[in-house]
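To keep things clear, I will list the structure first and then write my remarks on it.
Values quoted throughout were computed directly from the atomic coordinates according to the rules given, and no laboratory measurement underlies them. The model shown is predicted, which means the values in this text are computed figures rather than measured ones. Cβ coordinates were reconstructed from backbone atoms using ideal geometry, including for glycine residues, and neighbour counts include every protein chain displayed.
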Amino acid sequence: MDNCREELFRVAQLYYVQDETMASIASEMGVSRSTVSRMLKTARETGIVRISLAPATTGASRVAQELFDEFGVHAEVVSVRASRPDHARLDAVAKVAAERLAAAVTPGTTVGVAWGTTLSAVATHVQPQPTPDVHIVQLNGAANSTTSGIPYAASIFTQLAGAFGADAMFFPVPAFFDFAETKEAMWRERSVQRVLAAQETCDVAVFGVGAISGRAGSHVYQAGYFDTPADRRALLTEGVVGDVCTVLMREDGSYEDIELNKRATGPTPAQLRRIPRRLCIVAGEAKAAPALAALRAQVATDLVIDERAARRVLSLARMSATTG
């Protein structure tokens, strides 16, 4: 396998870096031109070759600059036709985010991953890229009162671990505990402390934002994680617009005094900010308010977002600045 990979790398290097023709490569290696063509295709499919385009100055690139000026985040704004349905918009953003994530993973990297609808889409687009000594760590619990959440979350981590040839460390706790006291007790358990310690070693974090409402409502709000009337009332009275890693946030980025967060199992924005590289992925205008909350809380160093959502984020930021 290693020899085959070395041959693919050599062919790709000759073609893409040294600008040799397929015919000259075929002659040098003693194979047919069609064999060289197939090898180049395999090199692309297996991640040995990753092709990127340097865009000209466009509306999307101008929006990316505005996001940097406003929030200091390195944004990649994905242009998607307005007529495209929500699932196609998510897929387009997920493809770009998968490339960003792959570029951030190098030998020895520990990647913290928060499960969710967006990350599920991203995981399907990460190309195989076996990389030495890579570790995947689950950032937030997944269970609720009706399901363990394990099959849904595990599929995300298993796909990512398989793509990078990494080991995966799962976090077998609920997304939200019923009682804050239970969480405090569990956080003293050695098995939980082991995962929390691994989270603190992350070099890269990758996560989406959860929207409390909208057509593309987030999994955490649709799958029974807030199934009591008291919890649903609390979301409204506290002014919650969504979450990051299942930590609830208001549009201004505040979260510390939201009572439900005492039961949440994901890292807080303050804890996320300790991770050097933090990739936030947003698709759809319904995610604009929680995305703004995340950016105001400075949880992201990097952002992949569709253009309509990005423009909505900037619009909300300007409106709140005017009214504030």
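For the reader, a short list of remarks on this structure follows.
- Kirkwood's formula applied to the C-alpha pairs of segment 5-139 gives a hydrodynamic radius of 17.7 angstrom.
- With the simple model of a label 7 Å out from the Cα in the direction of the Cβ, Tyr16 to Ala270 spans 4.4 nm.
- Residues whose amide H falls under 5 Å from that of Val73, counting only those 5 or more places apart or on a different chain, are Phe68, with hydrogens built in the peptide plane.
- The slack in the chain from Ser24 to Glu7, taken as 0.36 nm per residue of separation less the alpha-carbon distance, amounts to 4.6 nm.
- Above 28 Å, the calculated P(r) of the chain contains 44 percent of its Cα-Cα pairs.
- The phi torsions of segment 72-89, fed into the Karplus equation with coefficients 6.51, -1.76 and 1.60 and a -60° offset, translate into couplings of x, 9, 7, 9, 10, 9, 9, 7, 10, 4, 4, 6, 6, x, 4, 5, 6, 5 Hz, rounded to whole numbers, with Gly and Pro shown as x.
- Gyration tensor verdict on segment 79-204 (Cα atoms; rounded if a/c is under 1.5, prolate if a/b is larger than b/c, oblate otherwise): oblate
- Pair Ser52, Ser155: separation of 7 Å Cα→Cβ label points (nm): 3.0
- Sequence-separation-based contact order of segment 59-323, relative, with Cα cut under 8 Å and 6+ spacing, percent: 23
- Sites matching GluC sites (Glu not before Pro) across segment 239-318 that sit in DSSP coil, with at most 15 neighbouring C-beta atoms within 10 Å: Glu256
- Between Arg84 and Thr35, the modelled label-to-label distance comes to 4.0 nm, taking each label 7 Å out from Cα in the direction of the beta carbon.
- Excluding exposed DSSP-loop trypsin sites (Lys or Arg not before Pro) (at most 14 other C-beta within 10 Å), longest clean stretch of the chain: 82-187
- Note on Lys262: lysines with a C-alpha under 30 Å away, same-chain residues under 8 apart excluded, are Lys183, Lys287.
- For the chain, the longest piece that avoids every one of the chymotrypsin sites (Phe, Trp or Tyr not before Pro) found in DSSP loops with at most 16 other C-beta atoms within 10 Å covers 1-169.
- Taking N as the residue count of segment 2-45, its C-alpha radius of gyration divided by 2.2 N^0.38 Å amounts to 0.99.
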